[in-house]
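Some notes on the structure that comes next.
The values are calculated or read from the model by the stated rules, or taken from the named source; none is laboratory data. The structure displayed is predicted, hence computed values, not measured ones. As a convention, Cβ positions derive from the backbone with ideal geometry for all residues, glycine included, and neighbour counts pool all protein chains shown. Each accessible area value is taken on the protein alone, full model and side chains, heavy atoms only, with ligands, DNA and RNA left out. Shrake-Rupley method; radii C 1.70, N 1.55, O 1.52, S 1.80 Å.
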Amino acid sequence: EDQVTQSPEALRLQEGESSSLNCSYTVSGLRGLFWYRQDPGKGPEFLFTLYSAGEEKEKERLKATLTKKESFLHITAPKPEDSATYLCAVQGAQKLVFGQGTRLTINP
Amino acid sequence: KAGVTQTPRYLIKTRGQQVTLSCSPISGHRSVSWYQQTPGQGLQFLFEYFSETQRNKGNFPGRFSGRQFSNSRSEMNVSTLELGDSALYLCASSAEFREEQYFGPGTRLTVT
């Protein structure tokens, strides 16, 4: 069965303090790995798609990378507005499977 | 381009009742998926429709059903509501299968 595990569950950083979020996965036939951002009371907002090991994508302060077993979301010099829950999901043969998310808080 | 819209945004129902939720995908998107989100279980896949056909189904009881219309709009129905059905129900659309999905704001269902 396809599985996604995200760590840590929660992370508190000071503004400007860079860090990384981890997404470990097992899937039979990866067809895509997705990162989403979710603010309280809202639907997830699409960030990145990664398809193969070695691929990297960047958007503002965020950079996503992919290996054969895990993906990292690197956040560089974060700002308070980056506070949100970050969700990782893998697309297998039939459905999209989500991890539990990492709740990120950036203190000013 | 307008995003995914869901109606209603909030709903309160009593145990045993049934409910219908509606989703309008992004214009041009033919795939619509439904998810249930709860604090304990996270985002759980319910089902996916493409061109009015259910292509995939998650591990939910038969009380959960859905359909898609020719204009790609979709509805989800839950019959005989239970307290445990209280959740945020999210709809997502994509242009094709296995491409990134774009989510709506969700419908917050509370069962009392």
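Considering segment A:1-53, the qualifying strands (runs of 3 or more DSSP E), each wholly inside and each with 1 or more residues that are facing chain B (nearest Cβ under 10 Å) and in contact with a Pro (Cβ under 9 Å, 6 or more places away or on another chain), run over A:32-38.
Remark: A:Thr49 matches the filter, which requires a residue to be on the phi < 0 side of the Ramachandran plot, open to solvent by less than 70 Å² (accessible area, probe 1.4 Å), touching a strand residue (DSSP E or B) at 6+ places or on another chain (Cβ under 6 Å) and free of Cβ contacts under 8 Å to residues at least 60 places away in the same chain. In segment B:77-95, the residues that are more than 14 Å from chain A (Cβ to nearest Cβ) form Cβ pairs under 7 Å with partners that are part of a strand (DSSP E or B) and open to solvent by 30 Å² or more (accessible area, probe 1.4 Å), at six or more places apart or across chains, as follows: B:Asn77/B:Thr20; B:Asn77/B:Ser65; B:Leu81/B:Lys13; B:Ser86/B:Thr110.
Looking only at residues of segment B:32-63 that are more than 11 Å from chain A (Cβ to nearest Cβ) and over 14 Å from the mean Cα position of the chain (by Cα), we find that the one that is most open to solvent (accessible area, probe 1.4 Å) is B:Glu52. No other residue among B:Val19, B:Val78 is open to solvent by less than 40 Å² (accessible area, probe 1.4 Å) and in contact with a helix residue (DSSP H, G or I) (Cβ under 8 Å, 6 or more places away or on another chain) apart from B:Val78.
Close contacts from segment B:1-12, counting a first residue that is of a type in the set (Gly, Ala, Ser) and a second that is surrounded by fewer than 15 Cβ atoms within 10 Å (Cβ to Cβ), with Cβ to Cβ under 7 Å and a gap of 6+ residues or different chains, come to B:Ala2/B:Ser27.
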